[in-house]
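Below is one structure, written out as structure tokens, with a few remarks after it.
The values are calculated or read from the model by the stated rules, or taken from the named source; none is laboratory data. Just so we're clear, the structure is a prediction, and the values are computed from it rather than from any experiment. Cβ placement follows ideal geometry from the backbone for every residue including glycine, while neighbour counts extend to all protein chains displayed. When the accessible area is computed, the model is the full protein with side chains, heavy atoms only, and any ligands, DNA or RNA have been set aside. Shrake-Rupley method; radii C 1.70, N 1.55, O 1.52, S 1.80 Å.
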Amino acid sequence: MDLRHALRSTPAVRDFLPLPVEESTIRRVLDTARFAPSGGNRQGWHVIDVRDPARRRGIRDAYVDAWVAYLAHLRAGVTPFSPLLTHEERAAVATHHAEARASIGSDDFPARLDAAPALLVVCARLGSLAATDQDLDRYHFIGGASIYPFVWSILLAAREEGLGGVMTTVAVAREPALRAILHLPEGVAAAAVVALGYPQHETTRLRRREVDDFATRDAFDGPPLGR
Ligand SMILES: Cc1cc2nc3c(=O)[nH]c(=O)nc-3n(C[C@H](O)[C@H](O)[C@H](O)COP(=O)(O)O)c2cc1C
């Protein structure tokens, strides 16, 4: 597949055909994704291909629990899990939990996560991350930049195999549960849960901001880039 086309049209896929995804296919996907970049080329990722039904249900339950919090944020009118939420906004979110929980249907993606044909948990070895912003007096996010290009490469490599999927992070909010289910050792964090399978639907056009909306010349408040 043409690279430009792949970059412009790879969606989040959450509905899969009832077809298995073999371990050998996942292996091929990872054998391509492993060429992703990482800070200092430390490659601090570890992938768990979760096949065991009980473990899958445990991951689903952690996901659903965190998804309730996600929906509660939406009901409170704030960006879910934004690190810039105020104390008051967080308090407002808490008041929406019960109704958010009641709104989740058995057909919703979170409730059927355990039925995804393939379920990968991507972990990060924290000791291998180049977290260059760790001493800054703001929210830290650079460490993840050594892992998420790899996760995106998994999705692109999966597409080349005819698979679709979605990178999810909401369950990481319940990392202690994931740690117990998957035996994550100390110093290893959950980074993403990736669902993969053969897509049920055709790709639709992706909705994204235009370049004029996010790129400027010389300074953040500079003029838009020329065409
Ligand atoms: C860092 C990251 C975290 C995400 N977490 C979740 C998640 O927890 N659950 C989910 O359903 N989708 C998750 N997504 C998928 C996004 O919702 C999706 O990429 C976005 O809505 C664009 O969808 P589209 O490509 O189909 O237009 C995540 C994506 C990224 C990049």
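Scanning segment 177-206 for residues that are of a type in the set (Asp, Glu) and open to solvent by less than 40 Å² (accessible area, probe 1.4 Å) yields a count of 0. Does Glu88 meet the test of being out of contact with any strand residue (DSSP E or B) (no Cβ under 8 Å at 6 or more places or on another chain), over 20 Å from Arg14 (Cβ atoms), open to solvent by 90 Å² or more (accessible area, probe 1.4 Å) and of a type in the set (Asp, Glu)? Spelling it out, Glu88 is indeed out of contact with any strand residue (DSSP E or B) (no Cβ under 8 Å at 6 or more places or on another chain), over 20 Å from Arg14 (Cβ atoms), open to solvent by 90 Å² or more (accessible area, probe 1.4 Å) and of a type in the set (Asp, Glu). Condition check: under 23 Å from Leu3 (Cβ atoms) and not in a strand (DSSP E or B). Does Gly143 satisfy that? Against the criterion (under 23 Å from Leu3 (Cβ atoms) and not in a strand (DSSP E or B)), Gly143 does not qualify. Taking every residue in segment 50-68 that is touching a residue at least 12 places away in the same chain (Cβ under 8 Å) and pairing it with any residue that is charged (D, E, K, R) and surrounded by fewer than 16 Cβ atoms within 10 Å (Cβ to Cβ), at least 6 positions away or on another chain, the pairs with Cβ-Cβ distances below 6 Å are Val68/Arg101.
Quick check on Leu113: is it in contact (Cβ under 8 Å) with a residue 24 or more places away in the chain and of a type outside the set (Phe, Trp, Tyr)? Yes: the conditions hold for Leu113.
Can you find, within segment 160-171, the residue that is nearest to Asp61 (Cα to Cα) among those that are open to solvent by 20 Å² or more (accessible area, probe 1.4 Å) and outside any loop (DSSP other than H, G, I, E, B)? My answer is Met167. From the list Glu160, Glu202, the one residue that fits, being closer than 22 Å to Phe16 by Cβ, among the acidic types (Asp, Glu) and without any contact (Cβ under 8 Å) to a residue 12 or more places away in the chain, is Glu202. Can we say Thr216 is open to solvent by 40 Å² or more (accessible area, probe 1.4 Å) and under 26 Å from Ala111 (Cβ atoms)? Considered against the rule, which asks whether it is open to solvent by 40 Å² or more (accessible area, probe 1.4 Å) and under 26 Å from Ala111 (Cβ atoms), Thr216 comes out as no. Every listed requirement among (1) among the basic types (Lys, Arg); (2) open to solvent by 50 Å² or more (accessible area, probe 1.4 Å); (3) in contact with a strand residue (DSSP E or B) (Cβ under 7 Å, 6 or more places away or on another chain) is met by Arg55 save one, (3). Among the criteria (1) within 14 Å of the ligand (Cβ to nearest atom); (2) closer than 24 Å to Ser9 by Cα; (3) of a type outside the set (S, T, N, Q); (4) crowded, with 16+ Cβ neighbours inside 10 Å, the one Arg174 does not fulfil is (2).
If you go through segment 112-159 and pick out every residue that is open to solvent by 40 Å² or more (accessible area, probe 1.4 Å) and within 13 Å of the chain's Cα centre (by Cα), you end up with 4. All of Gly105, Gly39, Gly44 fail the test of being surrounded by fewer than 19 Cβ atoms within 10 Å (Cβ to Cβ) and in contact with a Gly (Cβ under 9 Å, 6 or more places away or on another chain), apart from Gly39.
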